[in-house]
Amino acid sequence: MSHEDETPKEPDTPEAAEHRLRRELPEEVPATAAETANEDAAKGAVPGLTGRQRLVQGLWPPRVSRAQLIVALLLFGLGFGLAVQVASNSDSGNALRGARQEDLVRILDELDNRTQRLADEKQGLEDQRSELENSSNQAEEARKQTVEKEKQLGILAGTVAAQGPGITMTIDDPKGTVQADMLLDAVQELRAAGAEAIQVNGVRVVANTYLTDSGKSVSVDGNKISQPYRFKVIGKSQDLEPALNIPGGVVQTLEKEQATVTVERSTKIIVDALRAAKRPDYARSSSQ
């Protein structure tokens, strides 16, 4: 064994190890232009294009699958439906925006009155149900309610007299300019305001009442009446009188025809003109 073999070797330093690896590894050969072009062709890119141009080439023309096309059609249909709905709502809003102030006031007043009447009717039905549920003799209570309902229907049909709070409206028409359609507007306005019974110059107004012109006067259900025209109306006077005096309403229309209109509230109005009960020719109760 030689002296050199017995002598221990000193450990390699990091610099010596790196130098030895550089000597052992082969030198790097730079890629040629042909090899770069082959790699670009394998990736589907065109030689000489910038990164932005390659991005545009990847996005256009678009590649749409069948599922994507179906989703696009569904979204288009949904958008079209929403556009139609918005357009219809806009049309209804434009109709109200174009209405006159007096028309809007009348519409709001009628809606308030109808809401109140429906609330009162709902409360009445609930009270009747409570009475039936709590009554010890439900048959007797049902009979009483039937009789009361018959009276109420008789008032509406004009077959029984009625009394209660309301108003009296008197129309003086010395020049004979008031026509039947003006009085009919008054009847309809009173009904919309909650009138429960109406009488005009001794003629009871019911559901099928009609008014016609008769010379310089008016006929109600074929009965000729002359001025002054006097309306006896039972209902809530706080609703009836304002309904007649709204801007552009009944009172202003009659005053434009040079007629004089007076409206008086009263705690007791008597409507005693009666209509004969008429049996229907064809209609029968569906409970029979």
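The values are calculated or read from the model by the stated rules, or taken from the named source; none is laboratory data. Computed from a predicted structure; not experimentally measured. Every residue, glycine as well, gets a Cβ built from its backbone with ideal geometry; the counts of neighbours run over all protein chains shown. Accessible surface is based on the protein model in full, side chains and every heavy atom, while ligands, DNA and RNA are left aside. Shrake-Rupley method; radii C 1.70, N 1.55, O 1.52, S 1.80 Å.
Some observations on this one:
- When residues of the range 267-288 are limited to those that are of a type in the set (D, E, K, R) and either under 35 Å from the mean Cα position of the chain (by Cα) or within 15 Å of Ala162 (Cα to Cα) (or both), the one modelled with the lowest pLDDT: Arg275
- Of all the residues in the range 158-172, those that are within 28 Å of Lys278 (Cα to Cα), open to solvent by less than 50 Å² (accessible area, probe 1.4 Å) and among the hydrophobic types (A, V, I, L, M, F, W, C) number 1.
- Within the range 217-266, the set of residues being at positive phi and more than 37 Å from the chain's Cα centre (by Cα) comprises Asp221, Gly222, Gln258.
- A residue that is modelled with pLDDT of 90 or more, surrounded by fewer than 16 Cβ atoms within 10 Å (Cβ to Cβ) and not basic (Lys, Arg) occurs nowhere in the range 142-155.
- Restricting attention to the range 64-86, the residues that are small (Gly, Ala, Ser) and over 31 Å from the mean Cα position of the chain (by Cα) add up to 3.
- Condition broken by Lys224, with the remaining ones in (1) in contact with a helix residue (DSSP H, G or I) (Cβ under 9 Å, 6 or more places away or on another chain); (2) of a type outside the set (S, T, N, Q); (3) closer than 17 Å to Ile171 by Cα satisfied: (1)
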